[in-house]
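Working notes, beginning with the structure itself.
The values are calculated or read from the model by the stated rules, or taken from the named source; none is laboratory data. Bear in mind that the values here come from a model prediction, so they are computed numbers and not experimental data. Methodologically, a virtual Cβ is constructed for each residue, glycine included, from the backbone with ideal geometry; neighbour enumeration extends over all protein chains shown. These accessible areas exclude ligands, DNA and RNA; they are computed on the full protein's heavy atoms, side chains included. Shrake-Rupley method; radii C 1.70, N 1.55, O 1.52, S 1.80 Å.
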Amino acid sequence: MAHESAAEQKALIGGVFERAAATYDQVGVEFFGPAARALVGATRPTAGERVLDVGCGRGASALLAARAVGPTGAVTATDIAPTMVAGLRSEAADLPWLTAEVGDAADPPPGPWDVVQAGLVLFFLPDLGAALDVHRAGLSPSGRLGFTWFGAADDSWADIHGTVVQALPEKERPPITVAREGDFASVERLEAVLREHGFGRVATEEHRITVTLPAAQAWWDWVWSQGFRVVLEAHERLGTLEAVREQVQPMLEDRQREGRLSWWTDVRVTLARP
Ligand SMILES: C[S@@+](CC[C@H](N)C(=O)[O-])C[C@H]1O[C@@H](n2cnc3c(N)ncnc32)[C@H](O)[C@@H]1O
């Protein structure tokens, strides 16, 4: 991402998720649900509270928060991808105290918010410190910021992921490692950044989430439906998708035969109060 301007980075990421939105969290793979439950388990919205959920996607954590705050509370959910927002609106038809709008996680609607939550999104922002400042300023006196991000992951799939990425010419490889680099390289580093930006009480817990694919073909549905899609789109653009599919398919079928269609990652949940 280092070579992109902030605006280009936002457009690239927003575009990938916009095109993924139709199948995002809809392909029968349980991942975003458990991650959202871990997030809302930490932010713990209660009846009557005001919650902002940024980078809401199709609402995995915003819907849980809306049920927790009930009709005396309010949830505002924002996402950069309009089709994500539309998906959440249709899911939330029976929750009129939840509103979903297109919006940038770095430029939130004004508070005060009792809870700001951000599920698997802050690592996409070009200036994390500026975003933390603006979210801290929007919190009520008892407010808390909770967000999820990635820890360690099962690297036994590196052969398949590596084959798909390395089949692209180097200059065409998207910067997909952004989520585990820089300020997001370790708990110590991220918590230090939070303290530098005025969050005094900070704690991080870790949850291991295991994804089990029902069959080899499901791997393709799963990767098209989330951020890794950016790599497949690059192959599509270059006309190399079919060739890489032929390379990877036997590897997937080996895994299926050997009963190795599971993958895990640790999801970290950080809760921060000013
Ligand atoms: C990995 S998904 C997580 C979605 C949701 N929070 C969940 O847990 O299912 C990342 C989401 O962040 C959104 N996103 C990326 N950059 C954003 C930004 N600058 N502002 C708002 N949303 C953004 C994407 O459109 C996508 O819906």
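Could you please tell me which pairs satisfy a Cβ distance under 9 Å, a separation of 6+ or placement on different chains, a first residue in region 57-71 that is under 27 Å from S225 (Cβ atoms) and more than 10 Å from the ligand (Cβ to nearest atom), and a second residue that is open to solvent by 40 Å² or more (accessible area, probe 1.4 Å) and part of a loop (DSSP other than H, G, I, E, B)?
From region 57-71, the pairs are A66/W97; A68/R44; A68/T46; A68/A47.
If I ask for residues that are hydrophobic (A, V, I, L, M, F, W, C), within 11 Å of the ligand (Cβ to nearest atom) and not in a loop (DSSP other than H, G, I, E, B), which ones from region 86-127 would you list?
L88, V102, A118, L122, F123, F124
Considering region 112-125 alone, what residues qualify as being crowded, with 17+ Cβ neighbours inside 10 Å and touching a residue at least 60 places away in the same chain (Cβ under 8 Å)?
Of everything in region 112-125, those that are crowded, with 17+ Cβ neighbours inside 10 Å and touching a residue at least 60 places away in the same chain (Cβ under 8 Å) turn out to be W113, D114, V115, V116, Q117, A118, G119, L120, V121, L122, F123, F124.
Tell me, please, whether a residue that is closer than 21 Å to E236 by Cβ and not in a helix (DSSP H, G or I) can be found in region 57-79.
Taking every residue of region 57-79 in turn, none turns out to be closer than 21 Å to E236 by Cβ and not in a helix (DSSP H, G or I).
Would you mind finding the one in V102, V116 that is touching a Ser or Thr at 6+ places or on another chain (Cβ under 8 Å) and β-branched (V, I, T)?
V102
If you scan region 221-246, which residues turn out to be open to solvent by 20 Å² or more (accessible area, probe 1.4 Å) and either touching a Ser or Thr at 6+ places or on another chain (Cβ under 6 Å) or within 30 Å of H135 (Cα to Cα) (or both)?
Matches in region 221-246: Q226, G227, F228, R229, V230.
Considering region 210-219 alone, what residues qualify as being over 19 Å from A153 (Cα atoms) and hydrophobic (A, V, I, L, M, F, W, C)?
Scanning region 210-219 gives A215, A216, A218.
Residue check: is A35 modelled with pLDDT of 95 or more, of a type outside the set (D, E, K, R) and farther than 15 Å from G227 by Cβ?
no
If A74 passes every condition in (1) over 19 Å from A106 (Cβ atoms); (2) of a type in the set (G, A, S); (3) free of Cβ contacts under 8 Å to residues at least 60 places away in the same chain; (4) within 13 Å of the ligand (Cβ to nearest atom) but one, which one does it miss?
Among (1) over 19 Å from A106 (Cβ atoms); (2) of a type in the set (G, A, S); (3) free of Cβ contacts under 8 Å to residues at least 60 places away in the same chain; (4) within 13 Å of the ligand (Cβ to nearest atom), the lone unmet condition for A74 is (4).
From the residues in region 207-220 that are more than 17 Å from Q256 (Cβ to Cβ) and within 16 Å of the ligand (Cβ to nearest atom), which one is least open to solvent (accessible area, probe 1.4 Å)?
This residue is I209.
Filter region 139-160 down to residues that are open to solvent by 10 Å² or more (accessible area, probe 1.4 Å) and within 15 Å of the ligand (Cβ to nearest atom) and give me whichever is nearest to G198 (Cα to Cα).
The qualifying residue nearest to G198 (Cα to Cα) is F150.
For region 1-48, name all the residues that are outside any loop (DSSP other than H, G, I, E, B), touching a strand residue (DSSP E or B) at 6+ places or on another chain (Cβ under 6 Å) and either over 20 Å from F124 (Cβ atoms) or away from the ligand (no atom under 13 Å from the Cβ) (or both).
P34, A42
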